[in-house]
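Asks: Sending over a structure as structure tokens; questions will come in a sec.
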Amino acid sequence: GQLPTWLKGILLRNGPGMHTIGDTKYNHWFDGLALLHSFTFKNGEVYYRSKYLRSDTYNCNVEANRIVVSEFGTMAYPDPCKNIFAKAFSYLSHTIPEFTDNCLINIMKTGDDFYATSETNFIRKINPQTLETLEKVDYSKYVAVNVATSHPHYDSAGNILNMGTSIVDKGKTKYILFKIPPSVPEKEKKKSHFKHLEVVCSIPSQSLLHPSYCHSFGITENYIVFIEQPFKLDIVKMATAYIRGVNWASCLAYHKEDKTWFHFVDKKTKKEVSTKFYTDAMVLFHHINAYEEDGHIIFDIIAYTDNSLYDMFYLKNLTKDFEEKSKLTSMPTCKRFVVPLQYDKDAEVGSNLVTLPSTATAVKEKDGSIYCHPEILCEGIELPRINYDYNGKKYNYVFATAVQWSPVPTEIVKFNVQTKEMLYWGEDHSWPSEPVFVPSPDAREEDDGIVLTCVVKSDPKEAPFLLVLDAKTFKELGRAIVDVEMPLDLHGMFIPEKDLKTETE
């Protein structure tokens, strides 16, 4: 096929690549050492390269020829020959763990720079053209967080907004929203963006010892949307995980009898909306989009009724008949919540406060809190992406992978959240990755552009390829076949040519 002539830039992807080091194996697919991939588009051609992220974790493991740095699903142990004092000391130092810098989940843009990110306090700067690994940044030097999400947001001024969880501050467990500016003042050119990091606000955790797991959050023109879900980390268990010889993932638990709380922070006043909004227990990884309409906040998310998704990806479960055998016990469901920020304070208890046309409701309870019930938009989609120019605004389209009951995506879809219409692309034995939308330079409509996805074949004899679809019709425009092994990845971004520094800079 053919590529649009305007398509110039780099599609950068990140995900786990190496799962065996010497005689040792990671327990979980999400623990593998980060492998960066890039597809460079120029003059109608595509160039592929991939390179392991040369993190400290990678270097230590490779040098020792075994796994020596713990990951979320795999606890690693120091050299058993060390004396008893060294052992006791390493137990103590694991209480608040020194986390890995194996940044394998996503790519983040900061000013002119790009970073590989995961969910720990470390991120690694990378060169998007050569994929070489540059300096390591520790968020905790600039803001009191132990973990941060791998799905930051970018506002219209180019600031990065992200959320992290602070568990170290003497029993004051809280979620911190922070902002990183896109540029530094001229006279401080040598300093990093992170020196100018600013805490926007903090939200105290409902439970000091059980903070909620947070993978992403939502943003509208005036508000930040944070969901405190009953999928929680047990800090005490985490502090003793090393001594007990278990991984940190075992310290995450889903409390299905608890509520899910919604927090809305006003960006201007930096204060949280005081009304208590909640819904039933759910597990959530990905926000899709959020926007405001007539005094309501509308947000779309993908939610589960349990946490079986993570368990599917333990390597012991990834056997050759994985596709047939593995079934999620909870189907990912695309839910729309409509939350009335402005409502009649004298409304009767039990009345629905939503005044927009939607089947989503928000019911006033006796104690003044508001119980929100969602509208179900569709089921069976994951890894959602939108045209980011519509982030925080009313929108129509979600591009996502279709998973149904199997945790591995088999198709990609374009879903219209207004009309509920779905377009699919799929091919036998194909596992597509998260689809990335790239707007065309003269786009007038939300879906003017193309969708890029990396497709891995489940038949080892067939080569993987990069797929280019017309975003409007979802018809294939072309594919670029890659003649090397390419594992499934997680997330990434498209960097237009204009955002890439030239080699001389």
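Asks: Restricting to the range 368-396, and then to whatever is of a type in the set (Ser, Thr, Tyr) and within 18 Å of THR220 (Cβ to Cβ), can you tell me which residue is most open to solvent (accessible area, probe 1.4 Å)?
Replies: Step by step, filter the range 368-396, then rank; the result is TYR388.
Asks: Next question, about the same structure. Counting residues that are open to solvent by 10 Å² or more (accessible area, probe 1.4 Å) and under 19 Å from ALA157 (Cβ atoms), which strands (runs of 3 or more DSSP E) fully inside the range 172-231 reach at least 2? Step through it out loud before you land on a result.
Replies: On the way: elements: 174-180, 198-204, 223-228.
Once the strands (runs of 3 or more DSSP E) in the range 172-231 are filtered for at least 2 residues that are open to solvent by 10 Å² or more (accessible area, probe 1.4 Å) and under 19 Å from ALA157 (Cβ atoms), what remains is 198-204.
Asks: Hey, another quick one. Restricting to the range 260-280, name every residue that is surrounded by fewer than 18 Cβ atoms within 10 Å (Cβ to Cβ) and either closer than 23 Å to ASP306 by Cβ or among the small types (Gly, Ala, Ser) (or both).
Replies: Passing the criteria: SER274, TYR278, ASP280.
Let's see how each residue does on (1) over 22 Å from the mean Cα position of the chain (by Cα); (2) at pLDDT 95 or above; (3) on the phi < 0 side of the Ramachandran plot:
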position: SER202; (1), (2), (3): no, no, yes
position: HIS210; (1), (2), (3): no, no, yes
position: TYR213; (1), (2), (3): no, no, yes
position: SER216; (1), (2), (3): no, yes, yes
position: THR220; (1), (2), (3): no, yes, yes
position: GLU228; (1), (2), (3): no, yes, yes
position: ALA239; (1), (2), (3): yes, no, yes
position: TYR242; (1), (2), (3): yes, no, yes
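Asks: May I pose another question? Residues that are of a type in the set (Asp, Glu): find the strands (runs of 3 or more DSSP E) completely inside the range 393-461 holding 3 or more of those.
Replies: none
Asks: If you don't mind, another one. Give me the residue from the range 338-360 that is open to solvent by 90 Å² or more (accessible area, probe 1.4 Å) and touching a residue at least 12 places away in the same chain (Cβ under 8 Å) and, out of that set, farthest from THR220 (Cα to Cα).
Replies: Here the residue is GLU348.
Asks: Can you say whether ASP428 is open to solvent by 50 Å² or more (accessible area, probe 1.4 Å), more than 28 Å from SER308 (Cα to Cα) and among the acidic types (Asp, Glu), as far as the supplied structure shows?
Replies: No.
Asks: Could I ask something else about it? Only one of VAL145, VAL200, VAL246, VAL225 is among the β-branched types (Val, Ile, Thr) and touching a His at 6+ places or on another chain (Cβ under 9 Å). Can you tell me which?
Replies: The match here is VAL225.
Asks: Next question, about the same structure. Hey, could you check the range 139-165 for residues that are modelled with pLDDT of 90 or more and polar (S, T, N, Q) and say which is nearest to GLU434 (Cα to Cα)?
Replies: Out of the qualifying residues, it is SER150.
Asks: If a residue has to be in a strand (DSSP E or B), at pLDDT below 95 and of a type in the set (Gly, Ala, Ser) to count, how many in the range 45-62 make the cut?
Replies: 0
Asks: Here's something else I'd like to know. Only one of (1) within 20 Å of the chain's Cα centre (by Cα); (2) within 30 Å of LYS327 (Cβ to Cβ); (3) touching a residue at least 40 places away in the same chain (Cβ under 8 Å) fails for TYR388. Which number is that?
Replies: All conditions are met except number (2).
Asks: Still on this structure: Give the residues of the range 21-44 that are open to solvent by 10 Å² or more (accessible area, probe 1.4 Å), in a strand (DSSP E or B) and closer than 18 Å to PRO464 by Cβ, sorted by residue number.
Replies: Listed by number, the residues that qualify are LEU35, THR40.
Asks: Now for a separate question. Residues to consider are VAL436, VAL484; find the one that is touching a residue at least 40 places away in the same chain (Cβ under 8 Å), β-branched (Val, Ile, Thr) and surrounded by fewer than 19 Cβ atoms within 10 Å (Cβ to Cβ).
Replies: Exactly one of VAL436, VAL484 is touching a residue at least 40 places away in the same chain (Cβ under 8 Å), β-branched (Val, Ile, Thr) and surrounded by fewer than 19 Cβ atoms within 10 Å (Cβ to Cβ), namely VAL484.
Asks: Is it the case that some residue within the range 392-406 is closer than 21 Å to GLU293 by Cα, in contact with a Pro (Cβ under 6 Å, 6 or more places away or on another chain) and at pLDDT 95 or above? Before the answer, list the steps.
Replies: Taking the range 392-406 first, the residues closer than 21 Å to GLU293 by Cα are 392-398.
If we keep only those that are in contact with a Pro (Cβ under 6 Å, 6 or more places away or on another chain) as well, we get 398.
Retained after the next criterion (residues that are at pLDDT 95 or above): 398.
There is at least one residue in the range 392-406 that is closer than 21 Å to GLU293 by Cα, in contact with a Pro (Cβ under 6 Å, 6 or more places away or on another chain) and at pLDDT 95 or above.
Asks: Answer yes or no as to whether GLU365 is of a type outside the set (A, V, I, L, M), surrounded by 14 or more Cβ atoms within 10 Å (Cβ to Cβ) and within 22 Å of PHE226 (Cβ to Cβ).
Replies: No.
Asks: Under the condition of being among the aliphatic types (A, V, I, L, M), touching a residue at least 60 places away in the same chain (Cβ under 8 Å) and not in a loop (DSSP other than H, G, I, E, B), which residue from the range 234-282 is nearest to SER156 (Cα to Cα)?
Replies: If we take residues in the range 234-282 being among the aliphatic types (A, V, I, L, M), touching a residue at least 60 places away in the same chain (Cβ under 8 Å) and not in a loop (DSSP other than H, G, I, E, B), then VAL265 is nearest to SER156 (Cα to Cα).
Asks: Are any of the residues in the range 465-478 farther than 22 Å from TYR397 by Cβ, at pLDDT 95 or above and either open to solvent by 40 Å² or more (accessible area, probe 1.4 Å) or outside any loop (DSSP other than H, G, I, E, B) (or both)?
Replies: yes
Asks: Something else: Which members of the range 142-171 meet the condition of being closer than 17 Å to ASP113 by Cβ, under 20 Å from the mean Cα position of the chain (by Cα) and either assigned to a loop (DSSP other than H, G, I, E, B) or of a type in the set (S, T, N, Q) (or both)?
Replies: Of everything in the range 142-171, those that are closer than 17 Å to ASP113 by Cβ, under 20 Å from the mean Cα position of the chain (by Cα) and either assigned to a loop (DSSP other than H, G, I, E, B) or of a type in the set (S, T, N, Q) (or both) turn out to be SER150, PRO152, GLY158, ASN159, ASN162.
Asks: Can you tell me which of (1) touching a Leu at 6+ places or on another chain (Cβ under 6 Å); (2) farther than 15 Å from ARG124 by Cβ is the one THR5 doesn't meet?
Replies: (1)
Asks: So how many residues does the range 281-297 have that are open to solvent by 10 Å² or more (accessible area, probe 1.4 Å) and over 17 Å from ALA253 (Cβ atoms)?
Replies: The number of residues fulfilling the criteria is 7.
The values are calculated or read from the model by the stated rules, or taken from the named source; none is laboratory data. Quick caveat: nothing in here was measured; it's all calculated off a predicted structure. Don't worry about glycine lacking a Cβ; one is built from the backbone with ideal geometry, like all the others, and counts go over all protein chains shown. Each accessible area value is taken on the protein alone, full model and side chains, heavy atoms only, with ligands, DNA and RNA left out. Shrake-Rupley method; radii C 1.70, N 1.55, O 1.52, S 1.80 Å.
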